[in-house]
Amino acid sequence: MPSRSPLPPPPPPVEIRTWPDRDALLRDRAVILGELVKMFIGPGRLGLLWMWAGIAALGWSMAGAAFLMFEDAYDPLGVIPGVVCLAVGAAVLIPAAALIAVGVARDLRVHRLLVAWGGLDRDPEGDMALRRPRASLVWLLMSFVLCAAGLFGCLAVPATARAGEETYGLVAWLMGLGFLAWLTGLTGIVKAFAHRRWVLRVLAGVEADPLIRVGG
């Protein structure tokens, strides 16, 4: 989930701060926090996460097709299409997975900056726009559905395999897709709860509920 937008710097140490007054500090804080919240929980971030997860699923699907080709091959020549399909699938899957990992690492940096800039001061009225309850709810609900579907796939597919209804290649393919869906959904759920915790602890100044103690 990488983004071309550069991250703002952390707030300067107390001894070198140059804001002339509190109003100037709050203005800069509001601008930077607005950008950081958009980078962390904006709708575009959810679409980007799902896009890279979809590309990773496409790569894994091609690898799964290769597994099925290997099972159906009757001679060495029959393996060649599977090898080609596996190579193409890996060429799609690996970069997509790497970009998802880069995006997760960036999200961690964004969250640390949110904590740092939000902790500079309190502005209850100005911070209302940063809470984004609807965006958090969308992240939570959509990610929960995807996570539940992926978990169901990971659990249901082995059960049908034990019943002798699926081949090993098909089981590996379906379980891989289920794992990708579960991991993507779990990432979104963690981000939704991390934002909620930040709102409660940094903006509202209250201790977060133990059920949502996730994030940095």
Inset, instruction - List every residue pair whose Cβ atoms sit under 7 Å apart, with the two residues 6 or more apart in sequence or on different chains, where the first one lies in region 116-137 and is over 19 Å from residue 8 (Cα atoms) and the second, anywhere, is at pLDDT 90 or above and of a type in the set (Val, Ile, Thr). - result: 131/199; 132/37; 132/41; 135/41; 136/41
Inset, instruction - Return the total of residues in region 129-140 being touching a helix residue (DSSP H, G or I) at 6+ places or on another chain (Cβ under 9 Å) and open to solvent by 40 Å² or more (accessible area, probe 1.4 Å). - result: 7
Inset, instruction - Please enumerate the residues belonging to region 157-212 that are at pLDDT 85 or above, of a type in the set (Val, Ile, Thr) and open to solvent by 60 Å² or more (accessible area, probe 1.4 Å). - result: 190
Inset, instruction - State all residues of region 16-65 that are open to solvent by less than 30 Å² (accessible area, probe 1.4 Å) and free of Cβ contacts under 8 Å to residues at least 40 places away in the same chain; if no residue qualifies, say none. - result: 24, 59
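Here's the yes/no breakdown for (1) surrounded by 14 or more Cβ atoms within 10 Å (Cβ to Cβ); (2) over 13 Å from the mean Cα position of the chain (by Cα):
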{"residue": "67", "(1), (2)": "yes, yes"}
{"residue": "70", "(1), (2)": "yes, yes"}
{"residue": "77", "(1), (2)": "no, yes"}
{"residue": "80", "(1), (2)": "no, yes"}
{"residue": "84", "(1), (2)": "no, yes"}
{"residue": "89", "(1), (2)": "yes, yes"}
{"residue": "93", "(1), (2)": "yes, yes"}
{"residue": "97", "(1), (2)": "yes, no"}
{"residue": "105", "(1), (2)": "no, no"}
Legend entry - Breaking point among (1) open to solvent by 70 Å² or more (accessible area, probe 1.4 Å); (2) outside any helix (DSSP H, G or I), for residue 7: (1)
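The values are calculated or read from the model by the stated rules, or taken from the named source; none is laboratory data. Note that the structure is predicted; figures quoted are calculated from it, not measured. Glycine gets a Cβ as well: all are built from the backbone with ideal geometry, and neighbour counts include every protein chain shown. Note: areas computed on protein heavy atoms with side chains; ligands, DNA, RNA excluded. Shrake-Rupley method; radii C 1.70, N 1.55, O 1.52, S 1.80 Å.
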